[in-house]
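A.B. asks: First the structure, then my questions, so here it is.
Read-outs: derived from the displayed coordinates by stated rules, not from any lab. Since the model is a prediction, treat every value here as computed from it, not as a measurement. With ideal geometry, Cβ positions are generated from the backbone for all residues, glycine too; neighbour counts draw on all protein chains shown.
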Amino acid sequence: MNLKIPKAVIFDLDDTLYSYQKCHNLALKKVKIKLLNELGIDKQKFNKLYDDANYEVKLKLGRVSSSHNKFLYFKKILEKIGFRPYIFTVLDMEALYWQTFYDNIEPNFGLIEFFENLRLSNIKSGIITNFSAYFQFKKIMYLGIQDYIDHIISSEELGLEKPEPKLFLDMLESLDVDQGETWFVGNNIEEDIIPAKKIMNATTFLILDGSNDNANKSKADFICKNFISINRKLLNLRS
């Protein structure tokens, strides 16, 4: 395809700019150890309780940002085992989870260099992300990329989640760019790549995170392991 220098690059956040799965697994492991030591809940039982709580919260709330809230999952776990009173314990579980998560977050390979080149090229950048604005802003701060981002849209702000078109249309408007003038980088075919192509007419880059659907990878314009190859494409266009 005829690749052009974009006026803006739009990003997904989780499992695109960093490894969410790595951070989540380490954070959840700390919570498991806490409940094993304090309440005698073994790993297998905790995993079942967590999966059930996750499913029940999402089923009840539907596709809204609060359906991803770990605090609600932990509260549901304590309710399921009949632990009372649980207010201090659930707050402690959430605090332990997020501090461990933030302590282990690090940018994907080549990300900072890519942002630097976007800045040198006067290319705007934005993030469209599902989940609470507060927690996503904290992730961005811990990644150290806050000064590179021109605009952020979280699903919490609109009461909608990707792939709803309004999130993508609002980003175009906020960055003052037209369809066909952006690159979009994400890890999810259905929530990132397809809507970005359809709604933004964006050139799309799929970041491989180990969970991508092999059958649908071809829907992306480019497939990348990290940001090194994307940065190289931008440098080649600038030279």
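A.B. asks: Name the most mobile residue of Lys219, Lys45, Lys166, meaning the one with the largest mean-square fluctuation, in a Gaussian network model of the chain with Cα contacts below 10 Å.
C.D. replies: Of Lys219, Lys45, Lys166, the most mobile in the Gaussian network model is Lys45.
A.B. asks: Also, I was wondering about something else. Would you mind checking which residues have amide H under 5 Å from Asp14's amide H? H placed 1.01 Å from N; only 5 or more apart, or other chain.
C.D. replies: Those qualifying (amide H under 5 Å, at least 5 residues apart or on another chain) number zero.
A.B. asks: Under 10 Å, Cα contacts only: if you run a Gaussian network model on the chain, which one of Asn130, Asn122, Asn201 comes out with the highest mean-square fluctuation?
C.D. replies: Top of the fluctuation ranking is Asn122.
A.B. asks: I've got another one for you. Roughly speaking, what is the stretch gain from Ile149 to Asn236, that is 0.36 nm per residue apart minus the C-alpha to C-alpha distance, in nm to one decimal?
C.D. replies: Numbers: separation 87, 0.36 × 87 = 31.32 nm, distance 2.29 nm.
Roughly 29.0 nm would be gained on extension.
A.B. asks: Okay, moving on. Starting from the amide H of Phe184, placed 1.01 Å from N in the peptide plane, find each other amide H under 5 Å away whose residue is 5 or more places distant or on another chain.
C.D. replies: Amide H neighbours of Phe184: Ile10, Thr203, Thr204, Phe205.
A.B. asks: Given a cut-off of 21 Å, name the pairs among Lys48/Lys217; Lys34/Lys80; Lys22/Lys138; Lys162/Lys198 whose C-alpha atoms lie farther apart than that in the structure shown. Working shown, then result.
C.D. replies: Working: Lys48/Lys217 31 Å; Lys34/Lys80 17 Å; Lys22/Lys138 17 Å; Lys162/Lys198 13 Å.
Correct reply: Lys48/Lys217.
A.B. asks: If you don't mind, another one. Would you calculate a helix-derived [θ] at 222 nm for the chain, using -39,500 (n - 2.57) for each DSSP H run of n ≥ 4 and dividing by the full residue count, to the nearest 500?
C.D. replies: Here the helix-only value at 222 nm equals -15000 deg cm²/dmol.
A.B. asks: How far is it, in nm, from the label point at Lys219 to the one at Glu106 when both lie 7 Å from their Cα along the line to the Cβ?
C.D. replies: So the two model labels end up 3.2 nm from each other.
A.B. asks: Under 5 Å between amide H atoms, partner at least 5 residues away or on a different chain: which partners does Ile223 have, H built in plane at 1.01 Å?
C.D. replies: Leu206
A.B. asks: Here is a further query. Taking θ as phi - 60°, what are the ³J(HN,Hα) couplings along segment 141-157 by the Karplus curve (6.51, -1.76, 1.60), each to the nearest whole Hz, with x for Gly and Pro?
C.D. replies: 5, 5, 6, x, 10, 4, 7, 8, 9, 7, 7, 10, 10, 9, 4, 4, 5
A.B. asks: Only one of the listed values, (1) 36, 18, 16; (2) 36, 21, 14; (3) 40, 18, 14, was derived from the coordinates as semi-axes √(5λ) of the Cα gyration tensor in Å; which label is it?
C.D. replies: Looking at semi-axes √(5λ) of the Cα gyration tensor in Å for this model, the match is (1).
A.B. asks: While we're looking at this one, here's another question. Among rounded, prolate and oblate, which fits segment 1-139 when a ≥ b ≥ c are the square roots of the eigenvalues of its C-alpha gyration tensor, a/c under 1.5 means rounded, and a/b larger than b/c means prolate?
C.D. replies: Here segment 1-139 falls in the prolate category.
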